[in-house]
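Participant: So that we are looking at the same thing, I have put the structure below in structure tokens.
The values are calculated or read from the model by the stated rules, or taken from the named source; none is laboratory data. Just so you know, these numbers come straight off a predicted model, no measurement behind them. When we count neighbours, we look across all protein chains shown, and the Cβ atoms used for this are built from the backbone with ideal geometry, even at glycine. The protein model used for the area step is the full one, side chains on, heavy atoms only, and it has no ligands, DNA or RNA in it. Shrake-Rupley method; radii C 1.70, N 1.55, O 1.52, S 1.80 Å.
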Amino acid sequence: MSTAATSFPERNAAEMADIVLASDAALPEVRARRMRQRRQMYAGQVASYSLGASVLLLYAFDGVVSTNVPTLFWFGGLLIIGTFTVLSEAGVGDRFADHYLTVFQISAHMALQFVFLVSVPTVGIAFLAVLFLIFAFGTLRMTSRQAMITWGLATCGLAFVFLGSDLPIGLPVASRLERAASMLCFALVIGQCAFLGLFGATLRKILYQRSNELKAAYRRIEELAELDELTGSYNRRCIMRLLDTEMEKSRQTGSPCAIALIDLDWFKRINDAYGHPIGDEVLRTFAITMFANIRPDDRFGRYGGEEFLLLLPGTTSEAASRMLDRLRSIVAELDWSAFSPGVSVTISAGVATLRANDTADTFLARADCALYSAKAQGRNRIATS
């Protein structure tokens, strides 16, 4: 005597969550899942109407209703389900945001309950009870606007039954069989409402889990958007943004701020002599070495090609020079021949300290000028501007 959800709430809730969270790129797969969801839902509805018709058979067996009532009720339900099944298989629902056509389904099932309520008022409470189940089904998918529409339709139907007529709406309990049938009617409605509640709770749980997964993925995407894919250091866009931040912070606090432009000496020769894969390994190893030997507050990013920018907040010119010279020695002393015999790597760096009238461009220009000076002096050295 009702509509029902699918037979396996956890699995179907997971599939619905996938549909809710899926992108347009997965549209064919989404449509296939929607079709499967609807088929399972219609199968559940057939089972519900079969159970409802069985209860009416008990009433008919006891003589409360005509023997035609269970048959007509069952065929009426199948007609509604069959109509929406045909529409579903034709893909009509996929043209709408609400591919279940929820308002139309709920309206059709409510109309059937009201028709039998008016036709067989002696067991009318049984049909009224089913309205709760119909709306429990609808709450899984209805928007607030759809809820208002269907609630308005249900109210109109109830007003007609209770205020516009004198129908003797009842629930037979005169005999043991009638009481058993009435008990089964409510037990089935309550059971199916509980089943729908389980489906909804599972759906909410899965959506919450998927939401957390999406947040984690979004954080990962943001992280990747800030990092250089090869070296794991900040990319140029991010390191430049961090430079602006550190300059502003330095001016607000009055603390010194230094930067260093670092260049791998003769890196093009390494690529030409040993190949780009070796060159990539050299860049990665250099970045790892830097991360292992700079302070937690320092910021290290790839400025372009084999050139890197190191931000040194709270650092004076002398301290920055000493730090860079230490890094230079560490890089030079690494066993680079492990990548290929004959490979050796050194770095040159230009250090600059923030001045009162500096912009990011002038700050970088002075560091670049110092780097050029270090190269001109023979490379593998640190120069200061």
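Participant: Considering the zone a paramagnetic label at Ser340 would reach in this model (a point 7 Å from Cα along the Cα-to-Cβ line), which residues of the range 267-288 have amide N under 13 Å from it?
Facilitator: From the range 267-288, the list is 267-283.
Participant: Going by alpha carbons, how many degrees (0 to 90, nearest 10) lie between the helix axis of 276-293 and the longest principal axis of the chain?
Facilitator: 90
Participant: Let me have the relative contact order for the range 253-334, percent, based on Cα pairs under 8 Å that are six or more residues apart.
Facilitator: Working: 77 pairs, mean separation 36.7, N = 82.
Over the range 253-334, the number comes to 45 percent.
Participant: Pulled fully out, how much extra length does the chain show between Asn357 and Ile221, if you take 0.36 nm times their separation in residues and subtract their Cα-Cα distance?
Facilitator: Numbers: separation 136, 0.36 × 136 = 48.96 nm, distance 3.62 nm.
Residue separation times 0.36 nm, minus the Cα-Cα distance, leaves 45.3 nm.
Participant: Continuing with this model, one more query. Per the 1.4 Å probe, what fraction of the accessible area of the chain, in percent, lies on carbon and sulfur atoms?
Facilitator: 61
Participant: Under 17 Å between alpha carbons, and skipping anything fewer than 8 positions from Lys215 in its own chain: which lysines qualify?
Facilitator: List returned: Lys205.
Participant: Taking amide H positions as placed in the peptide plane 1.01 Å from N, state which residues far from Tyr303 in sequence (5 or more) or on other chains have amide H under 5 Å from it.
Facilitator: Distant-sequence amide H within range of Tyr303: Phe308, Leu309.
Participant: Could you order Arg210, Arg141 by accessible surface area, starting with the largest, using a probe radius of 1.4 Å?
Facilitator: Arg210, Arg141
Participant: How large is ³J(HN,Hα), in whole Hz, for each residue of the range 49-66 in order, when computed from phi with the Karplus curve 6.51 cos²θ - 1.76 cosθ + 1.60 and θ = phi - 60°, using x for Gly and Pro?
Facilitator: Working through the residues one at a time gives 5, 5, 5, x, 5, 5, 5, 5, 5, 4, 4, 5, 5, 8, x, 6, 10, 5 Hz.
Participant: Could I have the simple spin-label model distance between Thr245 and Leu79, label points 7 Å from Cα toward Cβ, reported in nm to one decimal?
Facilitator: Reported label-point gap for Thr245 and Leu79 is 6.8 nm.
Participant: Now, a different point. Tilt of helix 124-139 relative to the longest C-alpha principal axis of the chain, in degrees (0 to 90, nearest 10)?
Facilitator: Here the helix axis deviates by roughly 10 degrees.
Participant: With point charges of +1 on the Cβ of Lys and Arg and -1 on the Cβ of Asp and Glu, referenced to the Cα centre of the chain, which listed residue (Tyr274, Ser233, Ser66) lies farthest in the positive direction of the dipole?
Facilitator: Value computed over the given set: Ser66.
Participant: Ignoring ligands, DNA and RNA, how do His276, His99 rank by accessible area with a 1.4 Å probe, largest first?
Facilitator: Largest accessible area first, the list is His276, His99.
Participant: Still on this structure, I have one more. How high is the relative contact order of the chain, in percent, with contacts defined as C-alpha pairs under 8 Å that are six or more residues apart?
Facilitator: Over the chain, the number comes to 14 percent.
Participant: As a test question: what accessible area, to the nearest 10 Å², does Leu177 have when a 1.4 Å probe is rolled over all protein chains in place?
Facilitator: For Leu177, solvent-accessible area is about 50 Å².
Participant: Under 23 Å between alpha carbons, and skipping anything fewer than 8 positions from Lys375 in its own chain: which lysines qualify?
Facilitator: The qualifying lysines are Lys268.
Participant: Follow-up question, since we're still on this one. Could you give each residue of the range 362-378 its phi-based ³J(HN,Hα) in whole Hz, using Karplus coefficients 6.51, -1.76, 1.60 with θ = phi - 60°, and x for Gly or Pro?
Facilitator: Along the range 362-378, the couplings run 5, 4, 5, 4, 5, 5, 5, 5, 5, 4, 4, 5, 5, 5, 5, 7, x Hz.
Participant: Grab the Cα-Cα distance for Ala111 and Glu213, subtract it from 0.36 nm times how many residues apart they are, and report the gain in nm with one decimal.
Facilitator: Length difference between fully extended and current span is 32.5 nm.
Participant: For the range 168-234, which GluC sites (Glu not before Pro) are in a loop by DSSP, counting at most 11 other Cβ atoms within 10 Å?
Facilitator: Filter output for the range 168-234: Glu229.
Participant: Enumerate the amide H contacts of Leu227 below 5 Å, restricted to partners 5 or more residues apart or on another chain; note that Pro and chain-start residues carry no placed amide H.
Facilitator: Result for Leu227 returns Asn235.
Participant: Same structure, new question: Could you state how much accessible area Arg251 has, in square angstrom rounded to the nearest 10, with a 1.4 Å probe and all protein chains kept in place?
Facilitator: It works out to around 100 Å².
Participant: Which FRET efficiency, nearest 0.05, do Thr316 and Arg204 yield, Cβ-Cβ r, R0 56 Å?
Facilitator: 0.50
Participant: Continuing with this model, one more query. If you take the charge dipole of the chain about its Cα centre, with +1 on Lys and Arg Cβ and -1 on Asp and Glu Cβ, which of Gly304, Leu242, Thr150 is farthest toward its positive end?
Facilitator: So the residue we want is Thr150.
Participant: Go ahead and estimate [θ] at 222 nm for the chain from helices alone: -39,500 (n - 2.57) per DSSP H run with n ≥ 4, summed, over the residue count, rounded to 500.
Facilitator: After summing the helix terms and dividing by residue count, I get -23000 deg cm²/dmol.
Participant: Taking a ≥ b ≥ c as the square roots of the eigenvalues of the Cα gyration tensor of the range 295-347, is the shape rounded (a/c under 1.5), prolate (a/b larger than b/c) or oblate?
Facilitator: On the way: a/c = 2.83, a/b = 1.79, b/c = 1.58.
Prolate, since a/c reaches 1.5 and a/b exceeds b/c.
Participant: What figure in square angstrom, to the nearest 10, would you give for the accessible area of Thr316 with a 1.4 Å probe?
Facilitator: 60
Participant: Rounding to the nearest 10 and keeping the result within 0 to 90°, find how far the Cα-based axis of helix 176-226 lies from the longest principal axis of the chain.
Facilitator: It is inclined by approximately 10 degrees.
Participant: Turning to a different aspect of this structure: If Met290, Met240 are ordered by their accessible area, calculated over protein heavy atoms with a 1.4 Å probe, which sequence runs from highest to lowest?
Facilitator: From most exposed to least exposed: Met240, Met290.
Participant: In percent, how large is the relative contact order of the range 211-293, given Cα pairs closer than 8 Å and 6 or more residues apart?
Facilitator: 29
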